[in-house]
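First up is the structure itself, then whatever we jot down about it.
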Amino acid sequence: MHARVVATARIVAAALIVAAITGELLQSIHFWHTIGVRGIPGKVLDFFLFFTEDSNLAAVAVFVIGAVMLLRHGVRTPSAHWVTARLTVTSAVVLTSLGDNLLLRGTVPPAAVIPWADASLHIVAPALVLLDWLLGPDRRRVRVPTVGTALIAPVIWLVVTMLRGPFTGDQARSARHYYPYFFLDPDHFANGYLTVAVYVIAFFVAFCVVSLLLVWTTRWPAPGAPAEGSAVDGPVWAERAPSSVG
């Protein structure tokens, strides 16, 4: 039963995130058309280079895969790879929420934002992902070095963003280059890349702090989690109702 409840919650959460991202994308396309942007396909690619969208899409994947695993196999001790994936996504989504609410609030044109979708991606979804990390049964104790593995995904995102930025213009902002966030744009600062480097270091320090806190929480077993190496629930599809007599 516990596996079924968690799996259902994950599917609902994934559907909410997909709806929010779809709504934001459609609103952005409408906004771009309104201000006369011609290269819409390029702007769609720009849209999916936001860390918010990438981390939330990764959360959708984790929610769906995690739900399917629970429905097919029940609650079992998860692999280290699976817990590392959950750690990476949880760290990224929580950091997205912190960054948006503390640093980026109000930097996107209001006409390009749907309030409920924005709140879903920056407040509701991070809260659900964090709760899933804390309460989901497929979590096990992980060690501190796992944080290094979790850093791989944001490093790849940053490298792609910084390599693409100088060669991509931004019609929506009438800028020569495109960076999804102001703190990555060297043209935004008098000291150029030096200031960007400070922000990047702060970004990765914050990511490590969040990840370390999440690793610390694995000192306590998740509710309903089995002892490592065992399985407490059978597959949900194998559950049978009691047979009647008479």
PRE zone check, label point 7 Å out along Cα-to-Cβ of Arg164, amide N under 19 Å, scope the stretch 182-210, hits 182-187, 200
Accessible surface, 1.4 Å probe, highest first, among residues Asp46, Asp185: Asp185, Asp46
With Cα coordinates, the longest principal axis of the chain makes an angle with the long axis of helix 51-73, in degrees rounded to 10, of 10 degrees
How long is the gain from Ile156 to Phe204 if the chain were fully straight, where each residue apart is worth 0.36 nm and the alpha carbon distance is subtracted? 16.0 nm
Peptides 207-214, 96-103 ordered by average Cβ neighbours within 10 Å, highest first: 207-214, 96-103
What is the dipole size for the stretch 1-143, taken about its Cα centre, with +1 at each Lys and Arg Cβ and -1 at each Asp and Glu Cβ, in debye to the nearest 20? 640 debye
Treat every Asp and Glu Cβ in the chain as -1 and every Lys and Arg Cβ as +1, leave all other atoms uncharged, and give the resulting dipole magnitude about the Cα centre to the nearest 20 debye. 500 debye
Per DSSP H run of n ≥ 4, the term is -39500 (n - 2.57); total these for the chain, divide by its residue number, and report the mean residue ellipticity at 222 nm rounded to 500 deg cm²/dmol. -19000 deg cm²/dmol
Using a Gaussian network model of the chain with C-alpha springs under 10 Å, which one of Asp138, Asp187, Asp118 is most mobile by mean-square fluctuation? Asp187
Rounded, prolate or oblate (a/c below 1.5 giving rounded, otherwise prolate when a/b exceeds b/c) for the stretch 16-77 by Cα gyration tensor: prolate
Of the heavy-atom accessible surface of the chain (probe 1.4 angstrom), what whole percent is carbon and sulfur? 70 percent
Dividing the mean separation of Cα pairs under 8 Å (6+ apart) by the residue count of the chain yields a relative contact order in percent of 31 percent
Output row, site Leu98, 7 Å Cα→C-beta label point, backbone N cut-off 19 Å, window the stretch 166-209, residues 181-184, 197-209
Taking a probe of 1.4 Å, how large is the accessible area per residue of the chain, in Å²? 53 Å²
In terms of modelled amide H atoms, which long-range or inter-chain residues lie less than 5 Å from the amide H of Ala175? Asp170
Given that just one value was derived from the coordinates, which of [x] 1.05; [y] 1.08; [z] 0.99 is Rg/Rh (Cα atoms, Kirkwood Rh)? [x]
About its Cα centre, how strong a charge dipole does the stretch 1-77 have in debye, to the nearest 20, once Lys and Arg get +1 and Asp and Glu get -1 at the Cβ? 360 debye
Global geometry of the stretch 111-166, whether rounded, prolate or oblate, following the gyration tensor of its Cα atoms and the 1.5 cut on a/c: oblate
Which residue fluctuates the most in the chain, going by a Gaussian network model with Cα springs under 10 Å, if the choices are Ala206, Ala13, Ala190? Ala190
Among Leu98, Pro223, Val12, whose Cα sits farthest toward the positive end of the charge dipole of the chain (+1 at Cβ of Lys/Arg, -1 at Cβ of Asp/Glu, about the Cα centre)? Pro223
Using +1 at the Cβ of each Lys and Arg and -1 at the Cβ of each Asp and Glu in the stretch 44-142, identify which of Gly66, Pro78, Leu121 lies farthest towards the dipole's positive end. Pro78
GNM top mover of Gly66, Gly165, Gly36 - the chain, alpha-carbon springs below 10 Å: Gly36
Identify the chymotrypsin sites (Phe, Trp or Tyr not before Pro) of the stretch 40-84 meeting these criteria: DSSP loop state and at most 15 other C-beta atoms within 10 Å of the C-beta. Phe48
Using only the heavy atoms of the protein chains and a 1.4 Å probe, how would Leu128, Leu184 rank by accessible area, largest first? Leu128, Leu184
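The values are calculated or read from the model by the stated rules, or taken from the named source; none is laboratory data. All of these numbers come straight from a predicted model, not from anything done at the bench. Note: ideal-geometry Cβ built from the backbone for every residue, glycine included; neighbour counts use all protein chains shown. Areas reflect the complete protein model, heavy atoms only, side chains present, ligands, DNA and RNA absent. Shrake-Rupley method; radii C 1.70, N 1.55, O 1.52, S 1.80 Å.
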